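Here the structure comes first, spelled out in structure tokens, and everything after it is commentary.
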Amino acid sequence: MKEKTNNTILITGGAGFIGSNLCDYFLSKGYQVRVLDNFATGHRHNLKDFINNENFCLIEGDIRILVDCQNAVKGVDYVLHQAALGSVPRSINDPITTNDVNVSGFLNMLVASRDAKVKRFVYAASSSTYGDSEGLPKVEEVIGKPLSPYAITKYVNELYAEIFSRTYGLETIGLRYFNVFGRKQDPNGAYAAVIPKFVMQLMQLESPKINGDGNYSRDFTYIDNVIQMNELAMTTQNPEAINTVYNTAYGDRNTLNNLVDYLKEFLSQYDPKIAAVTIEYGPNRAGDIPHSLASIEKAKNMLGYDPQFSLEKGLKEAVDWYWGNLR
């Protein structure tokens, strides 16, 4: 039987990939879930499974408009702030809009949450904050200089959250996401994430193009690990665990070549011709960091984080979803 709670969660960007998965999960746990989204990058079809749920409410609005934020947080206990313009290349092409959404919009949400006296503000931070820091694994307290406008905006989010915690007493926790993937991730558009984009290309027997020689490595993080971290961050009663940031990752790294090998292996079980698709290589992309690997010790020690999905395990589930939903 579904648990029942009177707590209301506002998920900004709830029509997006991560946001809609959070909606699905917390509705299943009996929460009242409210979404604020302007559908700039999110999709209505991501909400179709629960749009008629009596515990779900959609508010169409923009975090860049303070009154929209104020209306959305009325009566809310927790905010899970996922709304942002992602993508390093997008931020290089259009730094002004990226800043408006990711910094001004973030500040609006902090102000609205402070004034509405929400219990806690959990927000999507980013591994891009590590910038040119070369040490591996990445430890929360050691960062470098940002390498893109996007990275700057996500670091500014952390600075603002810390000030709001210190100055106004708003409880905040930032989750530095590392290359999240999984069901509902959009394969289309100029700034599509690498995994769904490659899956779509392979299913169409097209050659994926890797930026560089394929030896750049990432800590690919399945969506269910991210959901676990959001729940732990939202519900922790440990006063020492709040007003800080955590890596949200699996704690392992794989090269892009490894990734494509897994995708070809799993997808070829549906269509054997995929195994023969060749891979193309191009120049490295501006603003990309060569290697990314998270230390998850802080999250384990402070929140009890215990990620269950490696890249291989997560890709098996993701590929099943993609095959059933993207063809």
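The values are calculated or read from the model by the stated rules, or taken from the named source; none is laboratory data. Keep in mind it's a predicted model, so treat the numbers as computed, not measured. Cβ coordinates were reconstructed from backbone atoms using ideal geometry, including for glycine residues, and neighbour counts include every protein chain displayed. For the accessible areas, the whole protein counts, side chains as well, though only heavy atoms, and no ligand, DNA or RNA atoms are used. Shrake-Rupley method; radii C 1.70, N 1.55, O 1.52, S 1.80 Å.
Pairs needed: first member in the range 183-209, outside any loop (DSSP other than H, G, I, E, B); second member anywhere, of a type in the set (Gly, Ala, Ser); C-beta distance under 6 Å; at least 6 residues apart or different chains. As it stands, the answer is LYS209/GLY282, since those pairs meet every condition given. Pairs linking a residue in the range 302-327 that is in contact (Cβ under 8 Å) with a residue 24 or more places away in the chain to a residue that is of a type in the set (Asp, Glu) and not in a helix (DSSP H, G or I), with Cβ atoms under 8 Å and 6 or more positions apart or on different chains, are SER310/ASP252; LEU311/ASP252.
Give the residues of the range 60-71 that are aliphatic (A, V, I, L, M) and surrounded by 15 or more Cβ atoms within 10 Å (Cβ to Cβ), sorted by residue number.
Keep residues of the range 60-71 that are aliphatic (A, V, I, L, M), which gives 63, 65-67.
Once the filter is applied, which keeps residues that are aliphatic (A, V, I, L, M) and surrounded by 15 or more Cβ atoms within 10 Å (Cβ to Cβ), the range 60-71 yields ILE63, LEU66.
Being in contact (Cβ under 8 Å) with a residue 24 or more places away in the chain and part of a helix (DSSP H, G or I), is that true of even one residue in the range 248-255?
The first filter runs over the range 248-255 and keeps only residues in contact (Cβ under 8 Å) with a residue 24 or more places away in the chain, leaving 248-255.
Those still in the list that are part of a helix (DSSP H, G or I) too: none.
The answer is no, given that none of the residues of the range 248-255 is in contact (Cβ under 8 Å) with a residue 24 or more places away in the chain and part of a helix (DSSP H, G or I).
Is it fair to say SER28 is modelled with pLDDT of 95 or more, small (Gly, Ala, Ser), surrounded by fewer than 18 Cβ atoms within 10 Å (Cβ to Cβ) and at negative phi? Here the answer is yes, as SER28 does meet what is asked. Across the range 31-56, the number of residues qualifying as open to solvent by less than 50 Å² (accessible area, probe 1.4 Å), over 21 Å from VAL226 (Cα atoms) and under 18 Å from the mean Cα position of the chain (by Cα) comes to 1.
What residue, of ALA151, ALA161, is open to solvent by less than 10 Å² (accessible area, probe 1.4 Å), closer than 19 Å to ARG90 by Cβ and either polar (S, T, N, Q) or outside any loop (DSSP other than H, G, I, E, B) (or both)? When all the criteria are applied, what remains is ALA151.
Consider the range 44-73. How many of its residues are outside any helix (DSSP H, G or I) and either touching a Cys at 6+ places or on another chain (Cβ under 8 Å) or farther than 18 Å from VAL111 by Cα (or both)? Steps first, answer last, please.
Going residue by residue through the range 44-73, those that are outside any helix (DSSP H, G or I) are 48-65.
Applying the additional criterion that residues be either touching a Cys at 6+ places or on another chain (Cβ under 8 Å) or farther than 18 Å from VAL111 by Cα (or both) yields 48-61, 63.
Count: 15.
How about the range 74-124: which helices (runs of 4 or more DSSP H) wholly inside it have at least 1 residues that are of a type in the set (Gly, Ala, Ser) and open to solvent by less than 10 Å² (accessible area, probe 1.4 Å)? So that I can check it myself, show each step before the final result.
On the way: elements: 88-93, 95-99, 105-116.
Ranges flagged: 88-93, 105-116.
As for the range 178-187, it holds at least one residue that is under 23 Å from ASP24 (Cβ atoms), basic (Lys, Arg) and open to solvent by less than 40 Å² (accessible area, probe 1.4 Å). Restricting the range 169-182 to residues that are touching a Phe, Trp or Tyr at 6+ places or on another chain (Cβ under 8 Å) and in a strand (DSSP E or B) leaves a set whose member that is nearest to GLN269 (Cα to Cα) is PHE181. The single condition from (1) part of a loop (DSSP other than H, G, I, E, B); (2) open to solvent by less than 70 Å² (accessible area, probe 1.4 Å) that ARG327 fails is (2).
Scanning the range 300-327 for residues that are more than 22 Å from SER217 (Cα to Cα) and small (Gly, Ala, Ser) gives GLY304, GLY324. Within the range 19-39, no residue that is farther than 15 Å from LEU58 by Cα and assigned to a strand (DSSP E or B) sits with its Cβ atom under 8 Å from a residue that is at pLDDT below 95 and not charged (D, E, K, R) at 6+ positions apart or across chains.
Tally the residues that are open to solvent by less than 30 Å² (accessible area, probe 1.4 Å), assigned to a helix (DSSP H, G or I) and more than 13 Å from LEU315 (Cβ to Cβ), restricting the search to the range 263-274.
First pass over the range 263-274, keeping only residues open to solvent by less than 30 Å² (accessible area, probe 1.4 Å): 263, 266-268, 271, 274.
Now restrict to residues that are assigned to a helix (DSSP H, G or I): 263, 266-267, 274.
Then drop every residue that is not more than 13 Å from LEU315 (Cβ to Cβ), which leaves 274.
Selection size over the range 263-274: 1.
Taking TYR191 as the residue in question, decide whether it is modelled with pLDDT under 95, among the aromatic types (Phe, Trp, Tyr) and farther than 29 Å from ASN7 by Cβ.
On the way: modelled with pLDDT under 95: yes; among the aromatic types (Phe, Trp, Tyr): yes; farther than 29 Å from ASN7 by Cβ: yes.
Answer is yes for this residue.
Among residues that are surrounded by 19 or more Cβ atoms within 10 Å (Cβ to Cβ), of a type in the set (Val, Ile, Thr) and closer than 30 Å to ASN7 by Cβ, ILE223 is included.
Scan the range 7-25 and tell me whether some residue there is among the aliphatic types (A, V, I, L, M), over 16 Å from the mean Cα position of the chain (by Cα), under 25 Å from ALA318 (Cα atoms) and open to solvent by less than 20 Å² (accessible area, probe 1.4 Å). Within the range 7-25, not a single residue is among the aliphatic types (A, V, I, L, M), over 16 Å from the mean Cα position of the chain (by Cα), under 25 Å from ALA318 (Cα atoms) and open to solvent by less than 20 Å² (accessible area, probe 1.4 Å).
When each of VAL156, VAL118, VAL139, VAL111 is tested for being closer than 19 Å to ASN243 by Cβ, touching a strand residue (DSSP E or B) at 6+ places or on another chain (Cβ under 6 Å), at pLDDT 95 or above and among the aliphatic types (A, V, I, L, M), the lone residue that passes is VAL118.
Residue-by-condition table, conditions (1) at pLDDT 95 or above; (2) crowded, with 20+ Cβ neighbours inside 10 Å:
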| residue | (1), (2) |
| --- | --- |
| ASN243 | yes, no |
| ASP261 | yes, no |
| ALA276 | yes, no |
| HIS291 | no, no |
| ALA294 | yes, yes |
| GLY304 | yes, no |
| TRP321 | yes, no |
